[in-house]
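The values are calculated or read from the model by the stated rules, or taken from the named source; none is laboratory data. Fair warning: this is a prediction, and the values are worked out from it, not measured in the lab. No Cβ is skipped: glycine too gets one built from the backbone with ideal geometry, and neighbour counts run over all protein chains shown. The area values use the complete protein model at the heavy-atom level, side chains included, leaving out ligands, DNA and RNA. Shrake-Rupley method; radii C 1.70, N 1.55, O 1.52, S 1.80 Å.
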Amino acid sequence: MVEKNKHYNIEITDVTSDGNGVGKIDGFTVFVPLTVTGDTAEIVVIKVLSHYAVGRMLNLITPSPMRQEPQCNVYKRCGGCHLQHIKYKSQLDIKRGFIESAMERIGGFDDFRVDEMLGMDNPVRYRNKCIFPIGADKNGDTISGFYARRSHEIIPINDCQSTIRESGAIVRAVKEYMKATGVTPYDEATHTGLVRRVFIRDARSNGEIMVVVSVNGKSLPDTDALISRFLAVSDKIVSVYININEKRTNTVLGEKNKLIYGKSYIEDTLCGIKFKISPHSFYQINPYMTETLYRRALDYADISSSDTVLDVYCGIGTISLAASKAAKKVVGIEIVPQAVKDAKENAENNGINNAEFYAESAETAVPKLIEQGMRPDIVILDPPRKGSDELTLKSIVAAKPKRIVYVSCNPSTLARDARYLAEHGYFPTNSTGVDMFPHTTHVECVVLMSRICSGE
């Protein structure tokens, strides 16, 4: 029996979908963070439950060939990345395994294989959105950074290698402004203090930067001083907002924004389409790999000029508007009204008149459209992490589209939904994994589900 607080030597044989190494001690499963397949380590067991234990590595006895030194000096404490101790090529192999394992275990596809796993040439500085919480240390000094793993303890960080180079200087400018004006940082425990977060967005096609300062109040004093500090950091900063977030929640941004400098939006280009991005706009975080993901999805869709495309969970219409170039008609469904408003505006700004958008839930809009006689030739599904739902999938298969292209950010719900589709005549025929978030456990996948029915 594995005992708590006892030391053991363990060989790591796999990596779980949450990034922990896993091995066995006398046949008993033990999870060890910050390890990788091929490591042999001395650990201390810190938790024992009925079916597994958790250990903490004390000493790396034999390092795995997959291991590398993390480039970030707070990696072990920060909760932003989970796989930085693993070589990038091995990260891609591990993520391929996440997809294949889920499709086999949950989907029941015993022979499923990811055709191609696509990663970045240089997996740094890829995030076009970053959020730095603001707080105070034990001495009362203002700090910023990211939360530690499974907590809201802020780990002070001056620069994050996944964000744009200007991000560190922007956050320092906020802290310098706070010190000069006496503005206090937010305290989650007491719901006091003013500045909660610094939210930064950028457009890679033109370099424009938007900064949003989230506050536990209705305003900030001397905003001219804050703007001056931002402009001293970079003339690429073209939009500055104050976000009002007075509720005692963990919501990143409140509902109301006040523009205090520059434009109300930044503009980026993706797949040849221009998109206006405001503080609350949904926009994929890694623009380089987003374009790779969406182009592969459109390749699988194989749209012709006579096709009607139904894009479910369309967001601000990124795939919809790209698909409209080839299709007869595109219909986008999205539950977030602001996203639909953005999609319609993006269509108008790009001179696209064969795309229409509905602000409804998928389970409401899709059955209604099918009942009204819509028969899409191609369906694109790009659901959130929870996946789609049976009512939506049931309506889609009833319409008998030629192809369903499923874009997934969660292998488990992809596998569950793919199983339902396979039970109703649609089977995975092509698949590509795309690494949208290097050094994390997240992985995207696009799967072509082709209609294969007997006698047809």
Being in a loop (DSSP other than H, G, I, E, B), open to solvent by 60 Å² or more (accessible area, probe 1.4 Å) and either modelled with pLDDT of 95 or more or acidic (Asp, Glu) (or both) is the filter here; which residues of region 1-26 pass it?
3, 4, 5, 6, 18, 26
Considering region 321-342 alone, what residues qualify as being small (Gly, Ala, Ser) and more than 19 Å from residue 364 (Cα to Cα)?
322, 323, 324, 326, 327
Strands (runs of 3 or more DSSP E) wholly in region 241-348 with at least 1 residues that are under 25 Å from residue 196 (Cα atoms) and touching a residue at least 60 places away in the same chain (Cβ under 8 Å) - which ones?
266-270, 273-277
Per the list (1) of a type outside the set (Gly, Ala, Ser); (2) open to solvent by less than 50 Å² (accessible area, probe 1.4 Å); (3) at pLDDT below 95, residue check on residue 48 breaks on (3)
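State whether one or more residues within region 194-202 are within 22 Å of residue 154 (Cβ to Cβ) and either surrounded by fewer than 18 Cβ atoms within 10 Å (Cβ to Cβ) or touching a Gly at 6+ places or on another chain (Cβ under 8 Å) (or both). Break it down into steps so the answer makes sense when it comes.
Going through region 194-202, the residues within 22 Å of residue 154 (Cβ to Cβ) turn out to be 194-201.
The next check asks that each one be either surrounded by fewer than 18 Cβ atoms within 10 Å (Cβ to Cβ) or touching a Gly at 6+ places or on another chain (Cβ under 8 Å) (or both); those that pass are 194.
Yes: one or more hits.
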Quick one: count up the residues across region 173-183 that are open to solvent by 70 Å² or more (accessible area, probe 1.4 Å) and either in contact (Cβ under 8 Å) with a residue 40 or more places away in the chain or touching a Lys or Arg at 6+ places or on another chain (Cβ under 6 Å) (or both).
2
Top-ranked residue of region 56-83 - restricted to ones that are at pLDDT below 95 and of a type in the set (S, T, N, Q), ranked as farthest from residue 408 (Cα to Cα)
73
Residue satisfying condition, being modelled with pLDDT under 95, on the phi < 0 side of the Ramachandran plot and not in a strand (DSSP E or B), within set 189, 225, 180
189
Filtering region 60-102 down to residues that are hydroxyl-bearing (Ser, Thr, Tyr) and over 15 Å from residue 33 (Cα atoms), which residue is surrounded by the fewest Cβ atoms within 10 Å (Cβ to Cβ)?
62
Enumeration of residues in region 54-102 that are closer than 16 Å to residue 17 by Cβ, basic (Lys, Arg) and part of a loop (DSSP other than H, G, I, E, B):
none
Residues of region 27-42 being part of a loop (DSSP other than H, G, I, E, B) and closer than 19 Å to residue 70 by Cβ, in sequence order, are 33, 34, 35, 36, 37, 38, 39
For region 29-73, the count of residues that are over 20 Å from residue 7 (Cβ atoms), among the hydroxyl-bearing types (Ser, Thr, Tyr) and within 28 Å of the chain's Cα centre (by Cα) equals 1
